[in-house]
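Structure, as C-alpha cells:
The values are calculated or read from the model by the stated rules, or taken from the named source; none is laboratory data. Bear in mind that the values here come from a model prediction, so they are computed numbers and not experimental data. We place every Cβ from the backbone using ideal geometry, glycine too, and count neighbours over all the protein chains shown. Protein only, heavy atoms only, side chains kept; ligands, DNA and RNA dropped before computing areas. Shrake-Rupley method; radii C 1.70, N 1.55, O 1.52, S 1.80 Å.
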Amino acid sequence: MSTNPRDDLPLAGMRVLDLSRVLAGPWCTQTLADLGAEVWKIEAPGQGDDTRSWSPPDVDGESTYFMCANRSKESVAVNLKHPEGQRIVRDLARQADVLVENYRLGALEAFGLGYEDLARINPRLVYCSITGYGRSGPRAAEPGYDFVIQAESGLMSITGEPDGAPMKLGVAITDLVTGMNGVQAILAALLARMRTGRGQHIDLALLDGAVSVLANVGAGYLAAGEAPRRLGNAHPTVVPYQIFRTRDGSFALAVGNDAQFVRLCALLGRPEWGVDPAYATSRARVLNRDRLIPELEAIFAGADTDDWLARVRAAGIPAGAVRSVNEALEAPEIAARGLIAKAPDARHGSLRLMRSPLHLRGTPPREPVAPPRLGEHTDAVLARTLAMDDAALAGLRAQGVIA
C-alpha cells in the first residue's frame, strides 16, 4: 500500500524515484515525502542505504541515522548491476515526476540511467544530481564528504575558539543544506514544467551549498576584502551576542540592536553605558568589544542562570539556556509546536520521530510514517506502478534482481 493515502497534501500525486544514499539526497526526498510525494527509495538488495549500518545509536539493531532521513518512504530493493534491475528503474522513471541521485560522475550513465537516457523516455522528468563538487569543474569526479567540504568551504575556519583549532559543526551541515537546496530547486523545476511541459537536469554540489552559507562572512570578504577570524560563540558584527558564564552555569545572550542594549544597561545598573560613545552604537560595541565583554562577564558571574534569564527576558532581550540535545527535544515549546511524533511501527510498536518543520496551515505535511525496512515495499510498488504479477515478481526474485 502506498504511504501517500491523502490527496490534500501539497505534493499529492507526485512520484519521486530516490536513487540517493546517506544524507543530502535522502534529506531532500524525505521533505518531498513529508509534503505528500510518493517516494520510491531504491536500495541494493542485502545491503541497502549505507546508513542502515551506521550505529550506535540504534533501536534493536536498526540505525537511528537511517531513521533521521527516511521517514514516509517506500523501500524497493533492486540490483542496479543486473540488466533487468536497470530496466525496472527505467520503467519506474517513465512514471516518475522527479529523480534524485548522488552517484559518482558517470556511474548511472554506465547503467543507462543518466539524465539524457531518461529524458528521452520521460521528457517531463526533473532529474536532480547531488555530488561533492558538481558535474563540471576540475574535481567533478571526486567523491564529496561533509567533513572535507566543511574544511574546504571555509566553514571550519570560522568555527571554534579564537585560539583553538578549526571545528566542524556537530551535524553534517553541508549535506543538510544541499538537501534543502535540492527541495527548492526541484519545486522550482516543477513550477517551470507547468509552463514548458518539460523537466530539466539540476546539478547541485555540496561545496556550492557550503560556500553559499558563508553569508555575511563571505560578503565581508568579497565586498570589503576583510578576512574573517574565529570568535568562538561571539558574533563578528553584533555585540554582546555570545555565551556568558553565570554563578551556576551559562546562558546565551543576543543583544540585536541599540535599543535592546540600552535596556540591558538599565537592568545591569549601568545606564551610562547606553549613552557612552564607546558602546552606544552597534559599530562602537564591535570596535570596543575587548573592553565591554570583560565588564559584562564580571556582572553575569554574580548571579544564577535562571535569575539572569528571567530578568533579561522580562526586559525584552533575547536570551536562552544552553541546553543539551535531550533537554531541547523534551522542551515544552517543542512539544507545543508538535515537532515530535509517535509513529506506529510493525517491529517496535511505535517510534518517536521528527515531524516536518514546515507548518503549512492550509495543506499541512503528512504525519510521519516509520522508515521502511530494506525491500519492504518492493512487491507493492512494482505491482502497483508497473503492473507486475506474482509470477513476474517471483521470477525476478529468483534471478537476484529484486529482494
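Can we say residue 152 is in a loop (DSSP other than H, G, I, E, B) and touching a residue at least 24 places away in the same chain (Cβ under 8 Å)? In short, no.
Filtering the range 76-109 to residues that are open to solvent by 10 Å² or more (accessible area, probe 1.4 Å) and outside any helix (DSSP H, G or I) leaves 79, 80, 81, 82, 97, 102, 103, 104, 105, 106.
Out of all the residues in the range 147-167, is one or more open to solvent by 30 Å² or more (accessible area, probe 1.4 Å), in contact with a Cys (Cβ under 8 Å, 6 or more places away or on another chain) and among the hydrophobic types (A, V, I, L, M, F, W, C)? Checked the range 147-167: no residue is open to solvent by 30 Å² or more (accessible area, probe 1.4 Å), in contact with a Cys (Cβ under 8 Å, 6 or more places away or on another chain) and among the hydrophobic types (A, V, I, L, M, F, W, C). Within the range 237-249, the presence of at least one residue that is at pLDDT below 95, surrounded by fewer than 17 Cβ atoms within 10 Å (Cβ to Cβ) and either assigned to a strand (DSSP E or B) or of a type outside the set (A, V, I, L, M) (or both) is confirmed.
Within the range 196-236, the set of residues being open to solvent by less than 60 Å² (accessible area, probe 1.4 Å), over 23 Å from residue 292 (Cα atoms) and touching a Phe, Trp or Tyr at 6+ places or on another chain (Cβ under 6 Å) comprises 205, 207. Of everything in the range 48-75 that is in a helix (DSSP H, G or I) and of a type in the set (S, T, N, Q), the residue that is most open to solvent (accessible area, probe 1.4 Å) is 53.
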